[in-house]
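The values are calculated or read from the model by the stated rules, or taken from the named source; none is laboratory data. Worth saying up front: this structure is predicted, and the values here are computed from it rather than measured. Quick reminder, even Gly has a Cβ in these numbers, built from the backbone with ideal geometry, and neighbours come from all protein chains shown. Heavy atoms of the whole protein, side chains included, go into the accessibility calculation; ligands, DNA and RNA do not. Shrake-Rupley method; radii C 1.70, N 1.55, O 1.52, S 1.80 Å.
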Amino acid sequence: AGNIEAKVDTTAGHNPRRVFFRMILYTDLKSSVRQPTVDIYFGDGTVQKGIPRTTPEAVPLVRNPDTGVNVYLFEHTFPATKTYLVSFIGENRNEGVLNMTRSVDQSFYISTSLTIDPGLGLNHSPVLKSPAIDKAGQNQVFLHNPGAYDADGDSLAFRLRSSQQAAIPGNNNTPVPVACTGFISPEQA
């Protein structure tokens, strides 16, 4: 699991097109999947490669020691007022995910939509205070409350969508996400 958070520059003499990001990835420490560095696609045709994790290794969670937390910090100045899709394509997923075909052969993709518009003021993305590390059981009710908080007091709404994957993009540096192959919605699995 993972998420990308964005915060518009609020430093003295701030630039409303400069955005600070924090991406959090949760990984199974028993898996061979590692992410010491990441590449981020900013939705404006640019990519920043090799962004390092803030710690040398994934940090195990206290309440779930087989899950590691990986945090990456980066910033970007966007070229114009517009909506951008900032995204990450990770290594293949863990083996054995039940609601998709051959999960180990499918990339892990997450994104966040960001609107740069000085008319909106200094807008922040929601922060998810509860890690998405719950363990689900087959044929059991699964509930997850992300503990979403919005510093601007904006109303928040969520919807469940299919797990996504994307290939490393070509020259235009713009990933095109698609549903994972063989994805079955959890309530149908």
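Across all directions of projection, what mean area in square nanometres is found for the Cα convex hull of the range 129-189? Walk me through the numbers before you get to the answer.
On the way: hull surface 26.5 nm².
Mean projected area of the Cα convex hull: 6.6 nm².
Relative contact order for the range 117-164: what is it in percent, counting Cα pairs under 8 Å that are at least 6 residues apart?
Numbers: 31 pairs, mean separation 18.8, N = 48.
Result for the range 117-164 is 39 percent.
Please list, in order along the range 143-149, the HN-Hα scalar couplings obtained from phi with the Karplus expression 6.51 cos²θ - 1.76 cosθ + 1.60 (θ = phi - 60°), rounded to whole Hz, x for Gly and Pro.
These are the phi-based 3J(HN,Hα) values: 10, 9, 9, x, x, 5, 9 Hz.
If I take every Cα pair under 8 Å that is 6 or more residues apart in the range 1-91, average their sequence separation and divide by the length, what percent do I get for the relative contact order? Walk me through the intermediate numbers first.
Working: 171 pairs, mean separation 29.8, N = 91.
So the answer I get is 33 percent.
Leaving out ligands and nucleic acids, note down the accessible area per residue over the range 1-157 with a 1.4 angstrom probe, in whole Å². If you can, show how the numbers build up before the last one.
On the way: 8730 Å² over 157 residues.
Normalised by residue count, the accessible surface of the range 1-157 is 56 Å².
Over the Cα atoms of the range 64-174, each weighted equally, I'd like the Debye log10 I(q)/I(0) at q = 0.20, 0.23, 0.24 Å⁻¹, rounded to two decimals.
-1.49, -1.62, -1.64
Once Rh for the range 45-96 is found with the Kirkwood sum over Cα pairs, what is the Stokes-Einstein diffusion coefficient at 10 °C and 1.306 mPa s, in µm²/s? Could the numbers behind the result be given before it?
Values: Rh = 14.2 Å.
Diffusion coefficient, whole number: 112 µm²/s.
If you average the alpha carbon positions of the range 111-189 and of the range 18-37, how far apart do those two centres end up, in angstrom?
For the range 111-189 versus the range 18-37, the Cα centre distance is 15 Å.
Per 5 Å bin, what percent of the C-alpha pairs of the range 94-147 does each bin hold, from zero upward?
Result returned by the calculation: 4, 12, 13, 18, 18, 14, 8, 7, 5, 1.
What ranking do 64-73, 28-37 get when scored by the average of other Cβ atoms within 10 Å per residue, highest first? It would help to have the intermediate numbers written out before the result.
Numbers: 64-73: 16.5, 28-37: 14.0.
Peptide ranking by packing, descending: 64-73, 28-37.
Give me the net charge for the shell around T11: Cβ to Cβ below 14 angstrom, other residues only, Lys and Arg +1, Asp and Glu -1.
On the way: positive: K7, R17, R18; negative: D9, E75.
Net charge in that neighbourhood comes out at +1.
Please list, in chain and number order, the residues 5+ apart from I116 or on another chain whose amide H is under 5 Å from its amide H, with Hs placed from the backbone.
K82, T83, Y84
Please compute the net charge surrounding N70, taking Lys and Arg as +1 and Asp and Glu as -1 over other residues with Cβ under 10 Å from its Cβ.
Counting the neighbours of N70, the net charge comes to +1.
Would you work out the relative contact order for the range 43-189, in percent, from Cα pairs under 8 angstrom that are 6 or more residues apart?
Values: 200 pairs, mean separation 33.6, N = 147.
The value is 23 percent.
Could you tell me what percent of the accessible area of the range 65-132 is made up of carbon and sulfur, with a 1.4 Å probe and every protein chain present?
Details: 1840 of 3360 Å².
Roughly 55 percent of what the probe reaches on the range 65-132 is carbon or sulfur.
Across 10 Å bins from 0, what is the distribution of all Cα-Cα pair distances for the range 1-84, in whole percents?
Calculated over all Cα pairs of the range 1-84, the distribution is 16, 43, 27, 13, 2 percent.
Using a Debye calculation, one point per C-alpha and no hydration shell, please list log10 I(q)/I(0) for the chain at q = 0.15 Å⁻¹ in order.
Taking Cα atoms of the chain as identical point scatterers yields -1.01.
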